[in-house]
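Below is one structure, written out as structure tokens; the observations come after it.
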């Protein structure tokens with residue numbers, strides 16, 4: 001590799017700086033250049049996260065992939081969210097759960113978010129009644145932001161489980177995602 005992660009020094013791959021206009025660069029050289037740049041940028045990015053955080057530049061929130069959830073099932077897990085963290089980071093603070101794009105009225109649905117399946121582990125978000133009843137934008141109750149019950153806790157659970165306590169008993173769906181901040 002031409003990039004030294006320990007010293008931060010980049011040495012161009014052989015043939016990378018000697019090419020002339022119109023000359024074809026060998027694919028192995030081209031691949032080496034991109035591999036080295038990828039390593040350099042990843043290392044730089046990971047190294048800058050604690051620095052930016054220490055000077056007050058945070059806002060490094062992550063979101064889980066949005067999941068379309070069927071809220072008809074009662075007393076069951078409706079979705080599992082995997083928490084992806086940067087290399088070397090093992091904790092995070094849950095900022096919110098977002099519910100939006102309802103296919104029907106979810107006003108009577110009660111949900112919780114746990115650190116283990118089947119309502120086990122610790123309740124990150126306690127029993128909360130949903131107010132989402134439409135998917136129309138610019139309309140009241142087209143989305144709901146749910147803050148965690150225990151907002152000042154750093155978590156290390158690799159997955160969080162959305163549990164339905166009480167359902168609508170009809171096949172109403174909505175999209176759910178989590179927003180979290182890695183513990184730098």
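Okay, residues lined up against (1) under 22 Å from residue 123 (Cβ atoms); (2) buried (at least 16 other Cβ atoms within 10 Å of the Cβ); (3) modelled with pLDDT under 65; (4) assigned by TED's automatic domain parsing to the domain that holds residue 126:
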{"position": "31", "(1), (2), (3), (4)": "no, no, no, no"}
{"position": "42", "(1), (2), (3), (4)": "no, no, no, no"}
{"position": "46", "(1), (2), (3), (4)": "no, no, yes, no"}
{"position": "78", "(1), (2), (3), (4)": "yes, yes, no, yes"}
{"position": "85", "(1), (2), (3), (4)": "yes, no, no, yes"}
{"position": "104", "(1), (2), (3), (4)": "no, yes, no, yes"}
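Find the residue count for segment 124-155, including only residues that are more than 23 Å from residue 91 (Cα to Cα) and exposed (fewer than 12 other Cβ atoms within 10 Å of the Cβ). Qualifying residue count for the region: 5.
Do we have residue 121 as surrounded by fewer than 16 Cβ atoms within 10 Å (Cβ to Cβ) and touching a residue at least 12 places away in the same chain (Cβ under 8 Å) here? Here the answer is yes, as residue 121 does meet what is asked.
Residues that are under 12 Å from residue 176 (Cβ atoms) and free of Cβ contacts under 8 Å to residues at least 60 places away in the same chain occur in segment 130-137; there is at least one.
The values are calculated or read from the model by the stated rules, or taken from the named source; none is laboratory data. Given the structure is predicted, the values throughout are model-derived calculations rather than measurements. Quick reminder, even Gly has a Cβ in these numbers, built from the backbone with ideal geometry, and neighbours come from all protein chains shown.
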